[in-house]
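Novice: Handing you this structure, nothing more for now.
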């Protein structure tokens, strides 16, 4: 996972929880401009502490696990969902 994907996941989690960028910025102590840049893939780097504060402010956690190359990626799961939906529509 790269910073662009992480930003997209943060954005999705924030919207799912009904939290504005301003509210998340206040909760995490990270500027709204920096948060907006992260969510929209316009940031080249962000400190780990800031990233962790954003993630934790959403009620999420950061974990390090053994690499499992057999685990599907987000893109794999989205494609699977699209294919499943398309199959149901075709019936």
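The values are calculated or read from the model by the stated rules, or taken from the named source; none is laboratory data. Model, not experiment: these values are computed from the prediction. Glycine gets a Cβ as well: all are built from the backbone with ideal geometry, and neighbour counts include every protein chain shown.
Novice: How about the stretch 21-91: which helices (runs of 4 or more DSSP H) wholly inside it have at least 1 residues that are at pLDDT 95 or above?
Specialist: Passing ranges, in order: 21-28, 32-39, 48-57.
Novice: Considering the stretch 13-30 alone, what residues qualify as being free of Cβ contacts under 8 Å to residues at least 40 places away in the same chain, surrounded by 12 or more Cβ atoms within 10 Å (Cβ to Cβ) and touching a helix residue (DSSP H, G or I) at 6+ places or on another chain (Cβ under 7 Å)?
Specialist: 21, 24, 25, 27, 28, 30
Novice: Out of curiosity, is residue 10 free of Cβ contacts under 8 Å to residues at least 60 places away in the same chain and more than 14 Å from residue 60 (Cβ to Cβ)?
Specialist: No, not satisfied.
Novice: Quick check on the stretch 67-77. Is at least one of its residues surrounded by 10 or more Cβ atoms within 10 Å (Cβ to Cβ) and touching a helix residue (DSSP H, G or I) at 6+ places or on another chain (Cβ under 8 Å)?
Specialist: Yes, because at least one residue in the stretch 67-77 is surrounded by 10 or more Cβ atoms within 10 Å (Cβ to Cβ) and touching a helix residue (DSSP H, G or I) at 6+ places or on another chain (Cβ under 8 Å).
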